[in-house]
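A.B. asks: Okay, handing you the structure first.
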C-alpha cells in the first residue's frame, strides 16, 4: 500500500494539464520568435551579398571600360606611329 501511495504522490507532484499546455504554448512562442529572428538575419545577409555582388560587377565594368579605353589609345598611338 505504501508503494502505491508513493506512486500516486509522484504523479500528483507533476505539472497539471493546464500548466503543461501553458508551457507548450510558451515554448512554441519562443521557437516562433527564434525563427522570425533567423528569417530577418537571412534577409539582411542576402541583401548584403546582393549589394556586394552589385558593387563587384560595377567595379569590373569600370575596369573593363578603362582597359578598353587604354587599348583604344594604344591602337591610336600605334596607327599614328605607323604613318
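A.B. asks: Can you report the number of residues in segment 12-36 which are at pLDDT below 90 and surrounded by 10 or more Cβ atoms within 10 Å (Cβ to Cβ)?
C.D. replies: Going through segment 12-36 one residue at a time, the tally reaches 3.
A.B. asks: Do we find that residue 44 is surrounded by fewer than 10 Cβ atoms within 10 Å (Cβ to Cβ), in a helix (DSSP H, G or I) and either out of contact with any helix residue (DSSP H, G or I) (no Cβ under 6 Å at 6 or more places or on another chain) or at pLDDT below 70 (or both) in this structure?
C.D. replies: no
A.B. asks: Regarding residue 59, is this residue modelled with pLDDT under 80 and surrounded by 10 or more Cβ atoms within 10 Å (Cβ to Cβ)?
C.D. replies: yes
The values are calculated or read from the model by the stated rules, or taken from the named source; none is laboratory data. This is a predicted model, so every value here is computed, not measured. Cβ atoms come from the backbone with ideal geometry, glycine included; neighbour counts cover every protein chain shown.
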